[in-house]
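In what follows, a structure is listed as structure tokens, so that the remarks can point back to it.
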Amino acid sequence: MKINPTLLTISKYLGLILSILLIVVGVLALRSDSGHASGTSIVGVAVIVSAVIIFLVTLRIAEQHPVESDEAVKLKPFIIPILFGTGSLLLLIFSVYLLSNPQRPPLQDRLVVATWMACLLCTVIGNLWINHWQFAGWPAVKEWFNQNGREILIIGGIVLVGLILRMAILTQHPYPWSGDEASVGIDARRILIGETTDFFAAGWSGQPNWSFLPTSFTESIWGNTIFAVRMVSVIAGTLSVLTVYLLGRELFNRPVAYMAAGFMAAFPYNMQFSRIGVNNVMDSLTVTFVLWLVFRAIRTSKRGDFLWAGMAAGLTIYTYVGSRLVLALAFFVLVYAIIRQRGFLKTNLAGLGLFLFGIFVTVTPMSFYFIQHPDIFMTRIGQENIFINHWLTLQSQRSGLSPLSLLWQQFKDTTLVFIANPAVGNFFNSSLPYLTVLGSIFFLFGMGFSFAHLLEIKHTTILVWFWAVIFLGGVFTTSPPANTRLVMTQPAIALFLAIGIYEFVNILVKFRLVNGTWATILGTIVIVILGAQNVAFYFGNYRTSYSFQDANGELAMEAGKELQHLGPEYNYYLFGAPRVFAGFPTDVFLAPKNYMADLNTDALPDFSLPAGKGAFFVAIPDNLADLQAIADRYPGGTWEHFERITKPEILYYAYILPPGVGH
């Protein structure tokens, strides 16, 4: 039987690489088991035996069919990338080996991070090498700017507007600061002070510790402040304006991309989550960035572009929980391309392999943790999914409605928030739908156009993306519409709306009502009108109505700021039952060194002040009598009261005793 010489040559190199990788895996497996006779030892021995067999077979093939000089010449350009790829796999194996130790010291945690980073660096260098990357030089860069100056100026202006809108009065709006924002800030501070060293584990709300790293950077600059925590969302939200442009340009054309980015820059739903210090807005950034890279790889058919797409898709597992859907969308797009485009698989087989390789080297360490802790991986899904938490069955029994009737209601509640129902609850609580009437018209036109072109991969992708979020983040979850779980639809909304405007003005051109220039002007005018409507609402009625208000959050924020001002020598005592309690995340974040405790009427007889400490007593209006009892027992303090900013009522009363006074 005649053997394909190319396959034979490849098998020699692959056999050698595979034998090295397997023997490393086997040796590390035995070491992790410390020599005990167990399942790990058996697996280690089996892997080592397999590695030796593969090595011997490779040696035999090499002896019988040595590599010819012409074969070596053909493979020479790939030798360095293969070495870097092998190095990245070896480093990845070693990082997983280190992770297998459940009682790692902090130094080993840092070694895991360094090893994985080295693994990614090897992957990047190998990819750059195989694509003959080199710095183009300043003249070439200058020429590129000259050729694309107008486009850069326009999109740069749009992004700048988006940044300004997200930074304006950031600490004041939305008000108050939420406990979830504080929780993100607390986990970020744990990284800063060295309390959190295991980055391949989960923190607050089951989110990977890597997701809190950007906030730790901003906190290192601006300290324990609202501004520091919210700046991460500002940056992510602003970048999503740029990435929706890149995706729109890749899928459609510049006019659609400009309009999508212009709308996104002033979209209240996106602005809100770009100004709150939680990680949800990352969904808008990751979905557009990854899909842009995937479609770019499909267009160029460059192997390196497939690897970038795979690495970006894999890294989404380290961000907000919702971004895990992005990885599935990336796979969907490529599978659809294989099905719909003749010859795509054959032409891009190597590229698809690199895409999978990029995913593998990025997701493996975090996946290792989630495999060991499936309950954490499923935390939010298990809590909110109506099939997993049995809400659908229980609600059907309570209400007497059929499951289908309940699902239909869930569907209406989720979808109508875009065009008809107010977006109440879940970090927004808007009195209006996501879209204005004018925005709703073009959004529906655009979605209709995409449905009419369903078989085109670009339209299929946006539709699958949008409706996957609708069902997985809305219809199939409790209490829809959950604004936090629909954030990933924001760029899709912008693209649908831009498509709708573009096709509408095209109709006007075809009807000879306007020419091409006026079509561009009309499209721009519509975006400007929508932007003006959205900005006027978000910084006008929405802000002044304090729709984001929450008495408990307000109390924690204002009392926490006062406690931060008083300093760590003051203890914090709160008469807040049954509404609010000491140790609220906002207070813990703002005043991490202050002692905090709850007090109530029953605890007063046994209460005593510690010597040498000041006291900051706070009571909600219903518990004013308890605060008066404290003042009677410890005279000499100062009374204060704080009125709510959002309503004409008292938020809390306070009694402040400096150190040494009243004891």
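Treating the Cα atoms of segment 417-504 as identical point scatterers in vacuum, please give the log10 of the normalised Debye intensity I(q)/I(0) at q = 0.10, 0.19, 0.20 Å⁻¹, two decimals.
-0.25, -0.86, -0.94
Between SER396 and THR517, take the C-beta separation as r, use R0 = 51 Å, and let me know the FRET efficiency to the nearest 0.05.
Working: r = 58 Å, r/R0 = 1.14.
Once rounded, the FRET efficiency stands at 0.30.
Along segment 472-487, what does the Karplus equation 6.51 cos²θ - 1.76 cosθ + 1.60 (θ = phi - 60°) give for ³J(HN,Hα), rounded to whole Hz, x for Gly and Pro?
6, x, x, 4, 8, 10, 6, 6, x, x, 8, 4, 5, 8, 10, 4
Past 31 Å, Cα to Cα: identify those pairs from LYS412/LYS561; LYS302/LYS458; LYS412/LYS458; LYS302/LYS510; LYS346/LYS458; LYS458/LYS510, in the order given. Spell out each step's value before the answer.
Details: LYS412/LYS561 42 Å; LYS302/LYS458 19 Å; LYS412/LYS458 26 Å; LYS302/LYS510 38 Å; LYS346/LYS458 21 Å; LYS458/LYS510 24 Å.
Table pairs above 31 Å Cα-Cα are LYS412/LYS561; LYS302/LYS510.
Using modelled amide H (1.01 Å from N, peptide plane; none on Pro or chain starts), what sits under 5 Å from the amide H of THR196, excluding residues fewer than 5 places away?
Excluding prolines and chain starts, which carry no amide H, the hits are ILE191.
Among VAL588, VAL424, which comes first, second and so on when ranked by fewest other beta-carbon atoms within 10 Å?
Details: VAL588 20, VAL424 13.
By the 10 Å Cβ count, ascending: VAL424, VAL588.
How compact and how long is segment 551-657, expressed as Rg and Dmax of its alpha-carbon atoms in Å?
So, for segment 551-657, Rg and Dmax equal 12.6, 38 Å respectively.
Rounded to the nearest 0.05, what FRET efficiency is calculated for LYS510 and LYS142 with R0 set to 30 Å and r the Cβ-Cβ distance? Working shown, then result.
Values: r = 40 Å, r/R0 = 1.35.
So, using R0 = 30 Å, E works out to roughly 0.15.
If packing is taken as the average count of other Cβ atoms within 10 Å, what order do 245-255, 626-636, 226-236 fall into, highest mean first? Kindly include the intermediate steps, with their values, before the conclusion.
On the way: 245-255: 20.9, 626-636: 15.1, 226-236: 23.1.
Packing proxy ranking, top to bottom: 226-236, 245-255, 626-636.
Regarding segment 256-396, what is the average projected area of its C-alpha convex hull, in nm²?
On the way: hull surface 46.6 nm².
Mean orientational projected area (segment 256-396, Cα hull): 11.7 nm².
Below 10 angstrom from the Cβ of GLY576, what's the summed charge of the other residues (Lys, Arg +1; Asp, Glu -1)? Don't skip to the answer; put the middle values down first.
Working: positive: ARG579; negative: ASP598, ASP622.
My count for the surroundings of GLY576 gives -1.
What is the antiparallel percent of DSSP beta bridges lying wholly in the chain, to the nearest 5?
Values: 13 of 22 bridges.
Here the share of antiparallel DSSP bridges comes out near 60 percent.
Calculated from DSSP H runs of 4 or more alone, at -39500 (n - 2.57) each and per residue, what is the 222 nm mean residue ellipticity of the chain, nearest 500?
Details: 26 runs with 423 residues, N = 663.
Value at 222 nm, helices only: -21000 deg cm²/dmol.
Computed over the Cα atoms of segment 82-225, what is the convex hull's projected area averaged over all directions, in nm²? Mind dumping the intermediate values first?
Details: hull surface 51.4 nm².
The orientation-averaged projected area of the Cα hull of segment 82-225 comes to 12.8 nm².
Could you put LEU513, LEU213 in order, starting from the residue whose Cβ has the fewest other Cβ atoms within 10 Å? Each step should come with its number before you reach the end.
Values: LEU513 12, LEU213 17.
Ascending Cβ contact count within 10 Å gives the list LEU513, LEU213.
In segment 417-449, whose amide N lies under 20 Å from the spot 7 Å out along Cα-to-Cβ of ASN552? List them in ranges.
In segment 417-449, the label zone of ASN552 (backbone N under 20 Å from the point 7 Å along Cα→Cβ) covers 424-430.
Work out from phi, with θ = phi - 60° and the Karplus expression 6.51 cos²θ - 1.76 cosθ + 1.60, the ³J(HN,Hα) of each residue of segment 429-444, listed in order in whole Hz, and give x for Gly and Pro.
6, 7, 7, 10, x, 4, 10, 6, 4, 4, x, 4, 4, 6, 4, 5
Past the 13 angstrom mark, what percentage of all C-alpha to C-alpha distances in segment 548-614 do you count? If you can, show how the numbers build up before the last one.
Details: 1395 of 2211 pairs.
Looking at segment 548-614, the distances longer than 13 Å represent 63 percent of pairs.
Per residue and in cubic angstrom, what volume does the convex hull of the Cα atoms of segment 98-172 have?
On the way: hull volume 15.2 nm³, N = 75.
Taking the convex hull of the Cα positions in segment 98-172, it is 202 Å³ per residue.
Could you check the spin-label model distance between ILE529 and LEU192? Points 7 Å from the Cα along Cα→Cβ, value in nm.
Computed distance between label sites ILE529 and LEU192 equals 4.7 nm.
Would you list LYS647, LYS593, LYS458 from fewest to most Cβ contacts within 10 Å? Please list the in-between numbers first.
Values: LYS647 12, LYS593 8, LYS458 19.
By the 10 Å Cβ count, ascending: LYS593, LYS647, LYS458.
Give, as a single signed number, the net charge of other residues whose beta carbon lies under 15 Å from the beta carbon of SER205, with Lys and Arg counted +1 and Asp and Glu -1. Before the final figure, lay out the partial values.
Values: positive: ARG190, ARG324, ARG380, ARG485; negative: ASP180, GLU181, ASP187, ASP283, ASP375, GLU384.
Once positives and negatives cancel, what remains is -2.
Ranking request for peptides 495-502, 615-622: highest mean number of other beta-carbon atoms within 10 Å first, then the rest in descending order. Don't skip to the answer; put the middle values down first.
Details: 495-502: 28.0, 615-622: 20.6.
Top to bottom by mean Cβ count within 10 Å: 495-502, 615-622.
Please turn the phi angles of segment 600-617 into ³J(HN,Hα) values with the Karplus equation 6.51 cos²θ - 1.76 cosθ + 1.60 (θ = phi - 60°), one per residue in order, whole Hz, x for glycine and proline.
Running phi through 6.51 cos²θ - 1.76 cosθ + 1.60 with θ = phi - 60° gives 8, 4, 5, 7, 4, x, 9, 7, 8, 7, x, 5, x, 10, x, 9, 10, 8 Hz.
When only C-alpha pairs under 8 Å and at least 6 residues apart count, what is the relative contact order of segment 138-544, in percent? Let's see the in-between values first.
Details: 580 pairs, mean separation 68.1, N = 407.
About 17 percent, as a whole number.
Under the Kirkwood approximation applied to all pairs of distinct alpha-carbon atoms, what is the hydrodynamic radius of segment 345-457 in Å?
Values: mean 1/r = 0.0529 Å⁻¹.
Taking every pair of different Cα atoms in segment 345-457, averaging 1/r and inverting gives 18.9 Å.
How large is the direction-averaged shadow of the alpha-carbon convex hull of segment 187-341, in nm²? It would help to have the intermediate numbers written out before the result.
Details: hull surface 40.3 nm².
In nm², the orientation-averaged hull projection of segment 187-341 is 10.1.
Based only on Cα atoms, what Rg/Rh ratio does the chain have, Rh being taken as Kirkwood's radius? All intermediate terms of the calculation are to be shown ahead of the outcome.
Details: Rg = 29.3 Å, Rh = 28.5 Å.
Rounded to two decimals, Rg over Rh is 1.03.
So who's got an amide H within less than 5 Å of the one on MET596, skipping anything under 5 residues away but keeping other chains? H placed 1.01 Å off N, in plane.
Hits under the 5 Å cutoff: TYR572.
Bear in mind that the values in this text are calculations on the coordinates, not laboratory data. Predicted model only: the values in this text are computed from it and were never measured. Backbone-built Cβ (ideal geometry, glycine too); neighbour counts: all protein chains shown.
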